[in-house]
1. I need the strands (runs of 3 or more DSSP E) fully contained in the stretch 75-147, keeping only those with at least 1 residues that are within 24 Å of Thr41 (Cβ to Cβ), touching a residue at least 24 places away in the same chain (Cβ under 8 Å) and within 12 Å of the ligand (Cβ to nearest atom).
2. Select from the stretch 9-45 the residues that are modelled with pLDDT under 95 and among the small types (Gly, Ala, Ser) and list them in ascending order.
3. Tally the residues that are in contact with a helix residue (DSSP H, G or I) (Cβ under 7 Å, 6 or more places away or on another chain) and farther than 23 Å from Arg155 by Cβ, restricting the search to the stretch 60-92.
4. Looking at (1) buried (at least 16 other Cβ atoms within 10 Å of the Cβ); (2) over 18 Å from the mean Cα position of the chain (by Cα), find the lone condition where Lys135 falls short.
5. What pairs come up if the first residue lies in the stretch 1-26 and is loosely packed, with under 11 Cβ neighbours inside 10 Å, the second is small (Gly, Ala, Ser), and their beta carbons are under 9 Å apart, counting only those six or more places apart or on different chains?
6. Only residues that are within 11 Å of the ligand (Cβ to nearest atom) and under 22 Å from Leu148 (Cβ atoms): list them for the stretch 39-66, please.
7. Identify the residue in the stretch 126-144 that is in contact with a helix residue (DSSP H, G or I) (Cβ under 7 Å, 6 or more places away or on another chain) and of a type outside the set (A, V, I, L, M) and, among all such residues, is modelled with the lowest pLDDT.
Amino acid sequence: MSEYTVIEGELTASADVQVGIVAGRFNSIIVEHLLDGCLDTLRRQGVRNEGITLVRVPGAFEIPVAAKRMAERGHYDALIALGAVIRGATPHFDYVAGSCVRGLAEIGLVHGIPVAFGVLTTDTLEQAIERAGSKGGNKGAEAALTALEMIAVLRKLGA
Ligand code: INI
């Protein structure tokens, strides 16, 4: 009996990889830690500085429109969204978080580009701190690995 086919991506980047990061400034005390984790992981996995572009936007609500423009350029192999939406800080949490995730999901599907979701959506600042480099890990670093794995998967699946 023949073996079944498995296609899966490595986590190490090839030298030509281009990654676009879009980071919200809102709750920057959290987002900067996500960005540190993301950049550290990309570099450790072999992404060169020439392969990284960082775009800063005001908040999570603005991340999709910048990501859309980047996806339209066709220059990036993957995009990584970084932000922090904290319920305690806003009555419109659901609108900001919801429109961010919906927009990013659509960009990924429409443009066929991996969009890693490193946007924290938490009830409290404490929960956000946990996920930005303390006991809950670093979601920015996780998003970086997701982007690299998906770049490799899509390359193997072909154009
Ligand atoms: N933006 C965030 O990234 N996180 C939040 O928690 C947040 N809160 O609390 O409101 C937030 N609001 C700003 C929003 O993303 C837009 O920048 C703003 O509404 C202007 O369009």
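The values are calculated or read from the model by the stated rules, or taken from the named source; none is laboratory data. What you see is a predicted model, and the numbers here were worked out from it, not measured in a lab. Quick reminder, even Gly has a Cβ in these numbers, built from the backbone with ideal geometry, and neighbours come from all protein chains shown.
1. Working: elements: 78-86, 115-122, 132-134.
Because the criterion is at least 1 residues that are within 24 Å of Thr41 (Cβ to Cβ), touching a residue at least 24 places away in the same chain (Cβ under 8 Å) and within 12 Å of the ligand (Cβ to nearest atom), the strands (runs of 3 or more DSSP E) in the stretch 75-147 that meet it are 78-86, 115-122.
2. Within the stretch 9-45, Gly9, Ala13, Ser14, Ala15 qualify.
3. The qualifying residues number 12.
4. Exception for Lys135: condition (1).
5. Glu8/Ala152; Ala15/Gly46; Ala15/Gly51; Asp16/Gly51
6. Taking the stretch 39-66 first, the residues within 11 Å of the ligand (Cβ to nearest atom) are 57-65.
Residues satisfying the conditions are Ile63, Pro64.
7. Gly136
Matching residues to (1) in contact with a strand residue (DSSP E or B) (Cβ under 7 Å, 6 or more places away or on another chain); (2) in a helix (DSSP H, G or I); (3) of a type outside the set (A, V, I, L, M):
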{"residue": "Leu34", "(1), (2), (3)": "yes, yes, no"}
{"residue": "Arg43", "(1), (2), (3)": "no, yes, yes"}
{"residue": "Arg56", "(1), (2), (3)": "yes, no, yes"}
{"residue": "Pro64", "(1), (2), (3)": "no, yes, yes"}
{"residue": "Arg69", "(1), (2), (3)": "no, yes, yes"}
